[in-house]
């Protein structure tokens, strides 16, 4: 999943970005409100973490401007301002959630998972396709009861495929959601990661789940599902 992190405190920003990347998120960084809008309108983010007290344009205005442009990805606001009126203004500007500094990183993790699973039919947060089960909270993946040892990148790729189960995803879609702006487009990194994922998810089992749709992209489909 791809996140835009907007925070002007460099130390906090660096700490959060490192932790989020260790959790497997692809992270782009912005340090002021104008830069945040430029990023947010240039890529299909899965979620934005938005500080309120920002240079050039505050988080309230950024949020209102993005919503006025029809941009609907979840926005989680971070701020040291904990008055009720501040929280109300943040939510009324279009934010989906609000977290007051200082906060425990575990709470941020839980709030991100809650926002990302809102569109899922299973509100438990688990993703399941056939006998393949993924838990975003613990990063445990298993198939037929056998736990799979995935890298952070493989986990992110599989999570994205499972979010789009039975649908074709193009290489461009994978690139947009799994890698940040530092990714070198046109390389074979996506194909390499798909091959590595297949070795762990498909090769040891009887029924392959990950399909190549020639000339288009990939699909993770439950055996026997309509295509």
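Bear in mind these aren't lab numbers, they're just calculated from the coordinates by the rules spelled out. Predicted model, so just to flag it, every value in this text is computed and none were measured. When we count neighbours, we look across all protein chains shown, and the Cβ atoms used for this are built from the backbone with ideal geometry, even at glycine.
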- In degrees rounded to 10, the 0-90 angle between helix 59-68 Cα long axis and the longest Cα principal axis of the chain is 60
- Message: If you take every DSSP beta bridge fully contained in the chain, what fraction is antiparallel? Give it as a percent rounded to 5.
- Response: 50
- Task: Select from 188, 164, 58 the residue whose mean-square fluctuation is largest in a Gaussian network model of the chain (Cα-Cα springs shorter than 10 Å).
- Result: 188
- Query: Rounded to the nearest 0.05, what FRET efficiency do residue 69 and residue 11 have when you use their Cβ-Cβ distance and R0 = 41 Å?
  - Reply: 0.85
- Task: Mind giving me the FRET efficiency for residue 168 and residue 38? R0 is 30 Å, r the Cβ-Cβ distance, nearest 0.05 is fine.
- Result: 0.50
- Query: How high is the relative contact order of segment 2-116, given as a whole-number percent (alpha carbon pairs under 8 Å, six or more residues apart)?
  - Reply: 22
- Item | Over the chain: helical MRE at 222 nm, DSSP H runs n ≥ 4 each giving -39500 (n - 2.57), nearest 500 | -11000 deg cm²/dmol
- Calculated log₁₀ intensity ratio I(q)/I(0) where the Debye formula runs over C-alpha points of the chain, q = 0.09 Å⁻¹: -0.39
- Note on the structure: Per GNM of the chain with C-alpha springs under 10 angstrom, the most fluctuating residue out of 152, 110, 83 is 83
- Message: Let me see the P(r) profile for segment 127-220: every Cα-Cα distance counted, bins of 5 Å, each bin given as a percent of all pairs.
- Response: 2, 13, 27, 27, 18, 9, 3, 0
- What is the extension gain from residue 199 to residue 91, computed as 0.36 nm multiplied by their sequence separation minus the C-alpha to C-alpha distance, in nm to one decimal? 34.4 nm
- Query: Given springs between every Cα pair under 10 Å in a Gaussian network model of the chain, which of 143, 195, 11 has the largest fluctuation?
  - Reply: 11
- Can you give the translational diffusion coefficient of segment 2-116 in µm²/s, computed by Stokes-Einstein from the Kirkwood radius over Cα pairs at 10 °C and 1.306 mPa s? 115
- Cα→Cβ-extended label distance, 7 Å offset, between residue 81 and residue 188, nm: 5.2
